[in-house]
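Quick note: the coordinates plus some simple rules give every number you see, no bench work behind them. If you're wondering where the values come from, they're calculated on a predicted model, not measured in any experiment. Cβ: placed from backbone, ideal geometry, glycine included. Neighbour counts: every protein chain shown.
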Amino acid sequence: MNATTLRLSNDDLRRVVEDGDAVQAMATALIARSAGREDLTGLAADGATVRDDGETAIYETAQDRQLCVMPAAGLREYRLAVLTALATRHLVVPGVVTASVIGSGFALELQLTILRTHVPNVSHVAVATTGNQPPDRAVLDRLDRDGIGFSLVETPADAMFGANLVVLAGVTRLDALRLAKGAVLVNTTGVDLPVALLDGVHAVFVDDREGLADSGRAFVKTHRATRRGGRGHRSPSVVADLGRVLAGEHPGRTDHDHVLLVELIGSGTELDPVLAGRIHQAAAAAGLGTFADH
């Protein structure tokens with residue numbers, strides 16, 4: 001059998017994000033990473049690898065050396081969208097979800113798709129575009145088709161008003177804004193939030209606790225400085241990584257009124273072979289992308 005290369009575009013990734021197995025695979029990987037037992041879960045995707053080749057990510061299977069080439073930035077955004085779904089499922093207050101998604105371009109579209117397909121009880125999504133790349137109309141039409149209302153608003157403040165789930169996607173900066181009581185804020189941007197906004201947060205969850213110290217993020221440094229000096233803003237504690245929450249080792253939300261922040265810091269795990277493998281399988285099964293021998 002000849003080895004083949006499957007080439008995927010961002011549009012292919014957008015279509016395959018509905019694959020439910022990718023979410024479960026990421027949950028298993030997070031639990032294993034949190035427990036330090038990656039060997040038990042096939043986290044290396046049975047010997048498969050994924051490498052960064054500049055603008056593209058190249059996934060290679062272990063046994064038959066099949067290749068799947070996809071946009072590296074797209075794979076990273078796919079991972080962030082899946083993590084958003086997992087965090088939301090376990091941390092949002094039970095009941096109806098009124099969401100706000102702030103961002104632009106492909107990152108914004110993936111987040112809207114993941115909310116539609118993998119987060120239950122979403123009733124409405126307020127969308128604020130930052131920059132000049134609003135979501136494709138087809139992405140919005142699918143929300144409407146599935147009974148999820150949406151509104152396109154002018155500012156992040158408009159989008160966040162009354163939302164119990166706020167997702168920051170792509171390159172997005174926020175001014176100091178208030179969050180609704182009991183809200184979950186998922187920051188996928190890698191950009192620090194205003195210190196004044198952190199004052200209203202009760203607890204922080206991260207995807208990768210090991211990478212926290214080297215992340216250089218302001219919420220980590222501010223918390224340390226506050227603990228040492230006892231002055232300045234009250235910075236919330238990082239209470240757990242998502243793997244512990246998914247494994248049931250941490251309760252996650254402990255008060256319906258608490259505002260929770262989820263910071264997705266990555267720390268080298270953005271090109272995840274488990275996720276890339278699921279994308280490869282789902283895309284091939286759906287007839288997406290283009291094949292070529294290599």
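Which residue, Ala22, Ala196, Ala32, has the most motion in a Gaussian network model of the chain that connects Cα atoms within less than 10 Å?
Residue with maximal mean-square fluctuation among Ala22, Ala196, Ala32: Ala196.
Quick check for me: using +1 on Lys/Arg Cβ and -1 on Asp/Glu Cβ, what's the dipole size of the range 92-263 about its Cα centre, in debye to the nearest 20?
It comes to approximately 560 debye.
Quote the relative contact order of the range 92-263 in percent (integer), defining contacts as alpha-carbon pairs under 8 Å separated by 6+ residues.
After rounding, I find 23 percent.
Where does helix 273-286 land angle-wise versus the long Cα axis of the chain, in degrees 0 to 90, nearest 10?
60 degrees
Among Leu193, Leu108, Leu275, whose mean-square fluctuation peaks in a Gaussian network model of the chain (Cα, cutoff 10 Å)?
Residue with maximal mean-square fluctuation among Leu193, Leu108, Leu275: Leu193.
Note down the relative contact order for the range 129-195 as a percent, whole number, built from C-alpha pairs under 8 angstrom at least six residues apart.
Normalised by residue count, the contact order of the range 129-195 is 27 percent.
May I ask you to derive the relative contact order of the range 4-157, considering only C-alpha pairs under 8 Å and at least 6 residues apart, and to give it as an integer percent?
Worked out over the range 4-157, it gives 20 percent.
Long-range amide H contacts for Ser100: which residues qualify at under 5 Å (H placed 1.01 Å from N, peptide plane, sequence gap of 5 or more or a different chain)?
HN-HN under 5 Å from Ser100: Ala126, Leu165, Val166, Val167.
Expressed as an acute angle from 0 to 90° and rounded to the nearest 10, what is the orientation of the C-alpha long axis of helix 20-35 relative to the principal long axis of the chain?
Approximately 70 degrees, to the nearest 10.
Within the range 241-294, which GluC sites (Glu not before Pro) sit in a loop by DSSP and count at most 15 neighbouring Cβ atoms inside 10 Å?
Qualifying residues, ordered by number: Glu249.
Go ahead and estimate [θ] at 222 nm for the chain from helices alone: -39,500 (n - 2.57) per DSSP H run with n ≥ 4, summed, over the residue count, rounded to 500.
-11000 deg cm²/dmol
What label, among (i) 32, 23, 17; (ii) 36, 24, 17; (iii) 40, 28, 13, belongs to semi-axes √(5λ) of the Cα gyration tensor in Å computed from the structure on display?
(i)
Using the alpha-carbon atoms, what tilt in degrees (0 to 90, nearest 10) does helix 218-229 show relative to the longest principal axis of the chain?
Once rounded, one gets 40 degrees.
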